[in-house]
Amino acid sequence: MYCELHTSSAFSFLRGGSLPERLAETAAGNGIPVMAQLDRDNVSGAVRFHRKAKELGVKPVIGAEITMFDGTALPLIPTTLNGYQNLCQLLTEAKLRAEKGEHRATFDDLEQFSEDIICLSGSPDDGLLPTAIRNGERPVTEHHFDRLRSIYKDRFYLELQRHLRRDEESVNQHLIELSERTGVPLVATNGVLYADRYDREIADLFTCIRNSSTVRTAGRQMSLNAERFVKTPAYMFKLFADQRRAVEMTGEIASMIDFSMDRLGYKFPDYDVPVGETMQSFLRRITRKGTFQRYSGKVPKKVAGQIQKELALIEKLDLCGYFLVVWDIVNFCRRHDILVQGRGSAANSAVCYCLGITAVDPATSDLLFERFLSEEREECPDIDLDLPSGPDRELVIQYLYQKYGRHGAAMTANIITYRQRSAIRETGKVFEIPEDQVGKLAKLASHFRHSDGDFFERLRENSDLGVSKRVAKFAELVERIQDYPRHLGQHSGGMIVFKGKLDRVVPLEPASMPGRVVVQWDKDDCANVGIIKVDLLGLGMLAAVRDTVNLIRDHYKEEVDLAKLPKDDPLVYETLQKADTVGMFQVESRAQM
């Protein structure tokens, strides 16, 4: 049996030439039972790969290539949940001590987080041992070999790859000799960078972008051939006919891996309640208090029944901690005179209304609670909090970092992907398209239909480039890389908190903004593995609302309660009927009109 244990996807930003889903589909089509996705210094594409591979009957294995102190890369594969947690902490350790976008791990880092992790020696192009061998640095090689063997013991393997290159075979022969002399086993992989030969072009394009090269000047930076595609087991056994045992070793290693992204160990943090209380009893007590305040002591029977129904479901789904954490954020805002307002489907919850999270009474407005939370839907609730943009919102974010610790809270990521404009600009540089033509095409990008093969025709109509193979390939690649990941950004407001160390669930890295960290998954991936986020969204208009409320209080001595604004003002409805809502908060778009 052959299992592919060394694959990089397009989430090895500007390295891999295929998306995770396409790699999983190709593995299934080629009869590969197990595939490991080892992206460079991140697990950002892990959830997408895991879900697609499982759907297709391929066992997904998640690991990473770790960039070492000398710029080489070391493939690491966790065998258990504990091993995965160690990998996440290793990545976090190396990321948080470096500048944004940098990453350098040391042998001491490897040793600290080595338990339940398999280590391969790496590919002939940038592996820790193969690079030193290729460069003739044999003493360095022996030192690295001894250190890795000492750290990983019987979980260290010498990795053979064959891409029909003469320079590779000298590296392989040295590794074979090293294995015979020391007893460290050999394993054969293909160091996959793309699903098939067609996607090799994308990998080469990304290599040029990464190195600020052009097709004309890239030279040996680009791959010598297109052999890093997903090969069938039969192909690999033929390729390594003299090292059949190294191919069979992939199956033995795959059988050791007892970890799945379905079991991450994530748990929303418990809320610290007063002595003698449970989270359930405390949530019920503060909800009762809030209900009394909202309805001035006269609670309608319909409201009381709705609250009991909601509390029962919240307790059944073990979400008391989530509601208490959000309530705590709202309380912090009140203590610091920060206007906060729950939005979206949370407004359908009577409990949210009574906790002061939202300002709309769903019980008397006939809003459907199940749109927010339902046992049948098996989805996490999503409470979005609007905050005034600027210092107020940052104060709330820093409060969560302070409360849960730098490794217990983080923003969700935003995967920045290629759109037509960015694809035109970066691909144009690689193909040496004149800047004036690139600028002209980029300005027209919003008028091009997305990925429908129409770009080449529009290019001919709107540029002076003419028709040539170079221009045609430029247009083709502009189309092909759209929606490919470019780099990791920060979500506008999604925040995750964790009971314990969040970096044992997903690696953390510094955000561009000082004082913030982000996880390596976007909001959809977080939701797909059961991680609950809280959205802290900054709105400039909410700052204006806050200032208005304060001006009314200061000049007219009136306290405005947004939850008690009249719902039957004729002038409001007359204005809405006329669609005269330009400048009116949240109802000024054409769709709202």
Can you run phi through the Karplus equation (6.51, -1.76, 1.60; θ = phi - 60°) for the range 277-286 and list ³J(HN,Hα) in whole Hz, with x for Gly and Pro? 10, 9, 4, 5, 5, 5, 4, 5, 5, 6
P(r) of the range 476-593 in 5 Å steps, Cα pairs, percent per bin? 2, 7, 11, 13, 12, 11, 12, 12, 10, 6, 3, 1, 0, 0
Which one, Val326, Thr575, Val187, projects farthest toward the positive side of the charge dipole computed for the chain from Cβ point charges (K/R +1, D/E -1)? Thr575
Using the alpha-carbon centroid of each, what span in Å lies between the range 278-332 and the range 12-86? 43 Å
Cα-based shape type of the range 112-216, given that a ≥ b ≥ c are square roots of the gyration tensor eigenvalues and the cut on a/c is 1.5: prolate
Calculated FRET efficiency for the pair Lys557/Leu56, C-beta based, R₀ 41 Å, to 0.05: 0.05
Do the alpha carbons of any pairs in Lys52/Lys231; Lys289/Lys567; Lys316/Lys564 sit beyond 23 Å of each other, and which pairs? Lys289/Lys567; Lys316/Lys564
What does DSSP give for the chain in terms of the percent of beta bridges that are antiparallel, rounded to the nearest 5? 50 percent
Among Ala410, Gly428, Ala442, whose Cα lies farthest out toward the positive end of the dipole of the range 403-444, if unit charges sit on the beta carbon of Lys, Arg (+1) and Asp, Glu (-1)? Ala410
Nearest-0.05 FRET efficiency for Leu313 and Lys289, computed from C-beta distance (R0 22 Å): 0.60
Mind pulling the angle between the C-alpha long axis of helix 391-404 and the longest principal axis of the chain? Nearest 10 degrees, somewhere in 0 to 90. 70 degrees
Distance from the range 550-590 to the range 167-193 (C-alpha centre basis), Å: 72 Å
How much length is gained on full extension from Tyr235 to Val587, taking 0.36 nm per residue of separation minus their Cα-Cα distance? 120.7 nm
Charged-residue dipole, Cβ positions (Lys, Arg, Asp, Glu), the range 1-154 about Cα centre, Debye nearest 20: 440 debye
May I ask for the Rg/Rh ratio of the range 525-588, computed from Cα atoms with Rh as the Kirkwood radius, given to two decimals? 1.13
So for the range 62-136, using the alpha carbon gyration tensor with a ≥ b ≥ c as root eigenvalues (a/c under 1.5 gives rounded; past that, a/b versus b/c decides prolate or oblate), I'd call it oblate
Could you tell me what a quarter of the Cα convex hull surface of the chain works out to, in nm² with one decimal place? 32.4 nm²
In terms of modelled amide H atoms, which long-range or inter-chain residues lie less than 5 Å from the amide H of Leu539? Leu387, Ser389
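For the chain, what is the relative contact order in percent, using Cα pairs closer than 8 Å and at least 6 residues apart in sequence? Could the numbers behind the result be given before it?
Values: 1039 pairs, mean separation 86.9, N = 593.
Computed over the chain, the figure is 15 percent.
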May I ask for the angle, rounded to the nearest 10°, between helix 469-480 and the longest principal axis of the chain, with both axes built from Cα atoms and the value confined to 0 to 90°? 50 degrees
Using the alpha-carbon centroid of each, what span in Å lies between the range 239-275 and the range 349-399? 36 Å
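Could you order Met68, Met593 by accessible surface area, starting with the largest, using a probe radius of 1.4 Å?
Greatest to least solvent exposure: Met593, Met68.
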Can you give me the long-range amide H partners of Arg40? Hydrogens built in the peptide plane at 1.01 Å from N, cutoff under 5 Å, separation of 5 or more residues or another chain. Ser12, Phe13, Glu65
Segment Ile209-Glu379, length gained on full extension (0.36 nm per residue, minus Cα span): 57.3 nm
Amide H within-cut-off set for Asp522, under 5 Å, with H built and near neighbours excluded: Ala413
About its Cα centre, the chain carries a charge dipole, from +1 on Lys and Arg Cβ atoms and -1 on Asp and Glu Cβ atoms, whose size in debye to the nearest 20 is 360 debye
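The values are calculated or read from the model by the stated rules, or taken from the named source; none is laboratory data. Just so it is clear, the structure is predicted and the values come from calculations on it, not from any experiment. Cβ atoms come from the backbone with ideal geometry, glycine included; neighbour counts cover every protein chain shown. Heavy atoms of the whole protein, side chains included, go into the accessibility calculation; ligands, DNA and RNA do not. Shrake-Rupley method; radii C 1.70, N 1.55, O 1.52, S 1.80 Å.
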